[in-house]
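Below is one structure, written out as structure tokens; the observations come after it.
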Amino acid sequence: MNTLSPLCCILLALLISSTLAPSQSPAVDLALRSLARARGINIGAAVAARPLLNDSLYAQTLAREFGMLTPENAMKFGPIHPARDRYDFRDADAIVEFAVANGMRIRGHTLVWHNQQPRWLTEEDFSRDELLAILREHITTVAGRYRGKVTAWDVVNEAIGDNGSLRDTIWLRRLGPEYLDLVFRWAHEADPEAQLFYNDYGGEGLGRKSDAIYTMVRGLSSRGVPIHGVGLQMHVSLDSFPNPQDVAANISRLAALGLHVHITEMDVRIRQPITEEKLAAQARIYQEIVRVCLSSPNCTAFVMWGFTDRYSWVPSFFPGFGGALILDESYGPKPAYSALAELLRGR
Ligand code: XIL
């Protein structure tokens, strides 16, 4: 028989609509990813390769809740360029493939930093010309490989010290301050479509460090260096986080320079023991920062440094602290998750 019964047609229609339009299904509509999109921003999380490949709940939750990801370590100089003549793209490729397959934006992190550098780079006494050639080749290779796939690159990470002067790194020491102009130009040549960011911590609100960042990026822009945005890391704790009004003012002075802002690495660490009160306070801090981003037209992405307390850098880097992310260790929503969902729904 060629004719289909009405019940069969209904079932078929349901099946087609659920396959063609997964974003229409109730579970996905409630996810942060679509709520954030509807408000004009991307919401994202830093991603580690190992759980992505080995923990299916991690991968499923990531794709459902986030429209953007940042490789947590896989694109850093040491992991991706372990020997002078050898790159290891395995983890970075796996993360990029996952993002592409799930329609997620990618923040590349990071091309020039003073941490997680390979021994071959830091232990040999390269001349200035050799080091320039090494860095140019590194940027061209890494940004070139992911050309067209990375939405935004953290070209330079943490180049300013806590006192507001340029940080003493091998790049500053051996290349001089002009390394900053050069690396943005090289990244732009390698991936002309990518938005190029300067990313740092401790300069989210107003103060000496954010003034120094502002002055530096203003200088880069005024010299015609291709820089498109500033990343505010936002690693904070319940007792120490920037005043939201100061963050708004900082984002707005960057807007006046024509720059985008991404919140790039937010987490809110809690000193043990973790209590209901502390989780409620954490939820308010997350909500305040996303509120500032939503009310700043040039703030176009909100990214956290992970999404589940099962995998977070906090307990090992800040002994005595934990619980910094919006899902618990079993991927259950914490008050901070609900607070973000509520805010993004417009309530
Ligand atoms: C951290 C990672 O989360 C850790 O796994 C790694 O051991 C050290 O680096 N600022 C940054 C990030 O820009 O790259 C850092 O990530 C956290 C602080």
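For region 329-338, in order, what is each residue's ³J(HN,Hα) by Karplus, 6.51 cos²θ - 1.76 cosθ + 1.60 with θ = phi - 60°, in whole Hz (x at glycine and Pro)?
My calculation for region 329-338 gives 5, 9, 6, x, x, 9, x, 5, 5, 4 Hz in order.
Name the residues of region 321-337 whose amide N is less than 12 Å from a point 7 angstrom out from the Cα of Q272 along the C-beta direction?
Residues 321-323 fall inside that zone.
Under 25 Å Cα to Cα from K209, which lysines show up? Leave out anything in the same chain fewer than 8 places away.
K76
For the chain, give the share of DSSP beta bridges that are antiparallel, in percent and rounded to the nearest 5; count only bridges with both residues there.
For the chain, the DSSP antiparallel bridge percentage is about 15.
Would you mind checking which residues have amide H under 5 Å from A46's amide H? H placed 1.01 Å from N; only 5 or more apart, or other chain.
Excluding prolines and chain starts, which carry no amide H, the hits are T70, M304, W305, G306.
Under a 5 Å amide H to amide H cut-off, with H placed in plane at 1.01 Å, what residues pair with T264 once short-range neighbours are removed?
L232, Q233, V303
Expressed as an acute angle from 0 to 90° and rounded to the nearest 10, what is the orientation of the C-alpha long axis of helix 90-101 relative to the principal long axis of the chain?
Between helix and principal axis, roughly 40 degrees.
Per DSSP H run of at least 4 residues, take -39500 (n - 2.57); add these up for the chain, divide by its residues and hand me the 222 nm value, nearest 500 deg cm²/dmol.
-13500 deg cm²/dmol
Scan region 222-325 for trypsin sites (Lys or Arg not before Pro) in coil per DSSP, keeping those whose Cβ has at most 13 other Cβ atoms within 10 Å, and list them by number.
Passing sites in region 222-325 are R223.
Label A280 and R90 with points 7 Å out from Cα along Cα→Cβ: what is the distance between them in nm?
Once both label points are built, they end up 4.8 nm from each other.
For the chain, take the longest principal axis of its alpha carbons; what is the angle in degrees between that and the long axis of helix 244-256, to the nearest 10 within 0 to 90?
Value to nearest ten degrees: 70.
For R147 and R174 in the same chain, what is the full-extension length gain: residue separation times 0.36 nm, less their Cα-Cα distance, in nm?
Gain in length upon complete extension: 6.9 nm.
Say a site is exposed when it is one of the GluC sites (Glu not before Pro), sits in a DSSP loop, and has at most 15 other Cβ atoms within 10 Å; what is then the longest site-free stretch of the chain?
That gives 194-328 as the longest site-free run.
Taking the alpha-carbon distance from K149 and a cut-off under 12 Å, which aspartates and glutamates remain once sequence neighbours fewer than 8 residues away in the same chain are dropped?
Reachable aspartates and glutamates: D93, E97, D191, E193.
Calculate the length of the line joining the C-alpha centroid of region 254-304 to that of region 206-253, in whole Å.
Spelled out, the Cα-based centre of one part sits 14 Å from the other.
Assuming R0 = 22 Å, can you tell me the calculated FRET efficiency for the pair T215 and S295, based on Cβ-Cβ distance, to the nearest 0.05?
0.30
Excluding R105 itself, what net charge comes from residues whose Cβ is under 11 Å from its Cβ, given Lys and Arg +1 and Asp and Glu -1?
It works out to a net charge of +4.
Calculate, for R136 and R37, the FRET efficiency according to 1/(1 + (r/R0)^6) with r their C-beta to C-beta distance and R0 45 Å; round to the nearest 0.05.
According to the calculation, E is roughly 0.75.
Quick one: give the max-minus-min coordinate of the C-alpha atoms of the chain along each principal axis, largest first, in Å.
So the three principal-axis extents are 79, 51, 39 Å.
Using a cut-off of 12 Å between beta-carbons, work out the net charge of the residues near I95 (Lys and Arg +1, Asp and Glu -1, I95 not included).
Once positives and negatives cancel, what remains is 0.
Can you check how the C-alpha radius of gyration of region 209-285 compares to 2.2 N^0.38 Å, as a plain ratio?
So region 209-285 has a normalised radius of gyration of 1.35.
Helix 56-65 sits at what angle to the longest principal axis of the chain, using alpha carbons and giving 0 to 90 degrees rounded to 10?
90 degrees
Readers should treat all values here as calculations from the given coordinates under stated rules, not as data from a laboratory. Fair warning: this is a prediction, and the values are worked out from it, not measured in the lab. Cβ atoms come from the backbone with ideal geometry, glycine included; neighbour counts cover every protein chain shown.
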